[in-house]
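All remarks here apply to the structure that follows.
Please treat every number below as a calculation from the coordinates, not as lab data. Just so you know, these numbers come straight off a predicted model, no measurement behind them. Positions of Cβ are generated from backbone atoms using ideal geometry, with glycine treated the same way; all protein chains shown enter the neighbour counts.
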Amino acid sequence: MTLYEYPFSEKIRSFLRLEYLFQRLFFFHQNFGINPESDESLLGALFDIMDVCERGDARNTLLQELDKQKNTLQEYRNYPEINLSAIDSALIDLNQVSRELHDAGKIGRAARENEWLAKIKSRYVVPGGLSSTEFPAYQGWLKANHAQRQQVVDQWVDSFRPLSEGVNRLLHFIRASRDPEYVTTPANGVYERSLGGQPFQLIRVWVPESSGVYPEISANKHVTFVRLYELNEQLEAHLVTKPIGFKIAFCNF
């Protein structure tokens, strides 16, 4: 099944965006040096993450959210029949991630303070700005010694790993907080669920992979609506009114 997620807050939305950007960055990092087009895609993913870090204090915001999760785990100790060893293991995990994120200082320093990368970034936003005509030095760098280039790129990417690990752990505990349930859309194609004011952080929806449908999710603390759409041959969206089964989970940690 294909998974879609809906965040209840801008904080969670920003962490989901970062997760997506890091997935792209690490994919192209693993394939660095295969061809110039792949290397340029790596730089694009890197620049996107740099922009996110420049616009806000992602590090401190994430540290605050991780502290909230640690406090929640401590509260779980008071629950009867709780698995204390699992709680301790999760706390060790979160403490390690938080410590590495705290000790990292300025996230992405190796990339964000590199003058050569700043030159590439200034040309990257210009259509055709990295061509041999516009930026011959960049084309020369692409042909330089691969091992040396790899070492430099590794430093750029690794300087963001503490942030990536923190985002991964935060989202992991939120996602693992609820198991999905199987539901079916009614005849009008709109699934509605009353939430009763419960403070959820994330909705997860799985739809059949071969169905060609995708969900549009709207929610507040009182009610959630899930509408399933499909695209016709003209790529126009149409609401699916036949019953379709899907899975849904309302997550909060």
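One table, with the values for the structure above:
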| item | result |
| --- | --- |
| Value at 222 nm in deg cm²/dmol, rounded to 500, when DSSP H runs of n ≥ 4 in the chain each add -39,500 (n - 2.57) | -16500 deg cm²/dmol |
| Quotient of Cα Rg and 2.2 N^0.38 Å for segment 181-251, N being how many residues it contains | 1.13 |
| In sequence order, calculated HN-Hα J values of segment 130-146 (Karplus, 6.51, -1.76, 1.60; Hz; x Gly/Pro) | 9, 5, 5, 6, 7, 9, x, 4, 5, 4, x, 5, 4, 9, 6, 3, 5 |
| Quarter of the Cα convex hull surface for segment 102-229, i.e. its orientation-mean projected area (nm²) | 13.5 |
| Radius of gyration, Dmax [segment 209-250; alpha carbons; angstrom] | 11.8, 37 |
| Calculated from backbone phi, Karplus (6.51, -1.76, 1.60) coupling profile of segment 106-119 in Hz, x at Gly/Pro | 5, 5, x, 4, 4, 8, 6, 10, 8, 5, 5, 5, 5, 5 |
| Net lengthening on full extension, residue 19/residue 216 (0.36 nm per residue, minus Cα-Cα) | 68.9 nm |
| Kirkwood hydrodynamic radius of the chain, from inverse mean 1/r over distinct Cα pairs, in Å | 21.1 |
| Residues in segment 209-253 that a label on residue 172 would reach, taking backbone N under 18 Å of a point 7 Å out along Cα→Cβ | 252-253 |
| Pairwise FRET efficiency - residue 131 versus residue 106, Cβ, R0 = 41 Å, nearest 0.05 | 0.80 |
| Burial order of peptide ranges 76-84, 105-113 (average beta-carbon count within 10 Å, highest first) | 105-113, 76-84 |
| Chain lengthening between residue 60 and residue 141 when straightened (0.36 nm per residue, less Cα-Cα) | 25.7 nm |
